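Colleague: Please read through the structure below; I'll follow up with questions.
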Amino acid sequence: MFSLGRRGCIALVGGLAAWPLAAGAQQPTMPVIGFLHPASAAAFADVVAAFRKGLSESGYVEGQHVAIEYRWANNQIDRLPVLATELVRREVAVIVAGASPAAFAAKTATTTVPIIFSSAGDPVQMGLVASLSRPGGNLTGINWFAGELAAKRLELLRELVPGAARVALLVEPANVRIAEGTVRDAEAAARAMGLQIRVLNAKTSREIDTAFATLASERLDALFVGGSSFFYVRRVQLAQLATHHRVPATYSARQYVEAGGLMSYGASLTDASRQMGVYTGLILKGAKPADFPVMQSTKFELVINLHTAKMLGLTVPPSLLATADEVIE
């Protein structure tokens, strides 16, 4: 009868013990998504949750089918290029850029890794893609129109505050492309309506305080807050200062109004983030960004905080209340 002997048994047992490790090493590697954002995780938790929801709709659950590497610039836009380069070196399967500055940083960092972006401004006008229907290259994404809705937001503000003649426009200068586009669109709309625009800049919490001090000293009638990840992070501060200075203000997203702001009109940021998740799932399945047109938001919301209006001594016209998607009392 054939015998392995002591050494043979040890070799056989050793081989059997090593077999699961070798087999495990042959399992397909879980794809990694790089999530790049100029702000902070805490302030954009709802956006991340919406992105994960869209991703799951495409069949990918974080931790089960895909891993996500998060890179947050914590409101330091100049850090984005380094963070984008880190993700490229990590060899992620796709980069998700949660705002325009992140999209430009990712675009500079790679021409091969697919990039799914969220843009508050016109991505063609800003130079992110060649066209909406045929983006070309390695980028596509969602345009949620924060900038292009300037005229509509001013109209709604005028309807709420008919006597307003001079409006402060608050923009974040570090977010150059969005700031320039917002100023251009708002000034054009204001001229058509006979309004005067006073541009105020802020890129830090202290500069927001300074902007409101200027607004108060110049006795401006109302405030238009431009789209900005930084302003989104500081939405509670903005709402509280507007109430303190008794200035009617309009914002680009409902989250400002939920934080105590007066009124917002704009696309649903969470819905746009969900769509980014859906697109990302399609890319993970092998689709090419160039094959997908830039999606434009179609869901717009008018949200009014009636409690804040009363604190400001404003009577909201029935016409606005009737058309509002939500009235917070």
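FYI, it's all coordinate maths here, none of it is from the lab. Note that the structure is predicted; figures quoted are calculated from it, not measured. Glycine also receives a Cβ, built like all others from the backbone with ideal geometry; neighbour counts cover every protein chain displayed.
Colleague: In nm, to one decimal, how far is the Ala130 label point from the His244 one, both placed 7 Å along Cα→Cβ?
Modeller: Result: 5.1 nm between the two label points.
Colleague: Now a separate question. Would you mind checking which residues have amide H under 5 Å from Val96's amide H? H placed 1.01 Å from N; only 5 or more apart, or other chain.
Modeller: Excluding prolines and chain starts, which carry no amide H, the hits are Gly34, Phe35, Leu36, Ile116.
Colleague: Helix-only estimate, please: 222 nm mean residue ellipticity of the chain, summing -39500 (n - 2.57) across DSSP H runs of length 4 or more and dividing by its residues, to the nearest 500.
Modeller: Roughly -13500 deg cm²/dmol at 222 nm, from the helical runs in the chain.
Colleague: Mind ordering 263-271, 320-328, 171-179 by average Cβ neighbours within 10 Å, highest first?
Modeller: 263-271, 171-179, 320-328
Colleague: Once phi is turned into ³J(HN,Hα) by the Karplus curve 6.51 cos²θ - 1.76 cosθ + 1.60 with θ = phi - 60°, what whole-Hz value does each residue of region 34-41 show in order, with x for glycine and proline?
Modeller: Calculated HN-Hα couplings, in order: x, 10, 10, 8, x, 9, 10, 5 Hz.
Colleague: Output the relative contact order of region 210-329, whole-number percent, from Cα pairs under 8 angstrom with separation of 6+ residues.
Modeller: 22
Colleague: Could you please rank Lys53, Lys107, placing first whichever residue has the fewest other Cβ atoms within 10 Å of its Cβ?
Modeller: With the fewest neighbours first, Lys53, Lys107 line up as Lys53, Lys107.
Colleague: Along region 196-213, what does the Karplus equation 6.51 cos²θ - 1.76 cosθ + 1.60 (θ = phi - 60°) give for ³J(HN,Hα), rounded to whole Hz, x for Gly and Pro?
Modeller: Values per residue, Gly and Pro as x: 9, 10, 10, 7, 10, 10, 7, 10, 9, 4, 5, 5, 5, 4, 5, 4, 5, 5 Hz.
Colleague: If I fit a long axis through the Cα atoms of helix 235-244 and take the longest principal axis of the Cα atoms of the chain, what angle between them do I get, 0 to 90°, rounded to 10?
Modeller: Taking the Cα atoms of the chain, the angle to 235-244 is about 20 degrees.
Colleague: Rounded if a/c is under 1.5, else prolate if a/b is larger than b/c, else oblate: which is the chain, with a ≥ b ≥ c the root eigenvalues of its Cα gyration tensor?
Modeller: Because a/c hits 1.5 or more and a/b exceeds b/c, the chain counts as prolate.
Colleague: What's the ranking of 238-251, 205-218, 112-125, 281-294 by average number of surrounding C-beta atoms within 10 Å, highest first?
Modeller: 112-125, 238-251, 281-294, 205-218
Colleague: What is the angle, in °, between the Cα long axis of helix 80-89 and the longest principal axis of the Cα atoms in the chain? Nearest 10 is fine, range 0 to 90.
Modeller: 20
Colleague: Here is a further query. Would you grab the residues whose amide H sits under 5 Å from the one on Gly141? Only those 5+ places off in sequence or on another chain, please, with H modelled 1.01 Å from N.
Modeller: Phe117, Val294, Met295
Colleague: How far is helix 176-193 tilted, in degrees, relative to the longest principal axis of the Cα atoms in the chain, given as a value from 0 to 90 rounded to the nearest 10?
Modeller: On a 0 to 90 degree scale, this one is about 30.
Colleague: What ranking do 183-189, 313-319 get when scored by the average of other Cβ atoms within 10 Å per residue, highest first?
Modeller: 183-189, 313-319
Colleague: In terms of modelled amide H atoms, which long-range or inter-chain residues lie less than 5 Å from the amide H of Leu169?
Modeller: Counting only residues 5 or more places away or on other chains, the set is Arg198, Val199, Leu200, Phe224.
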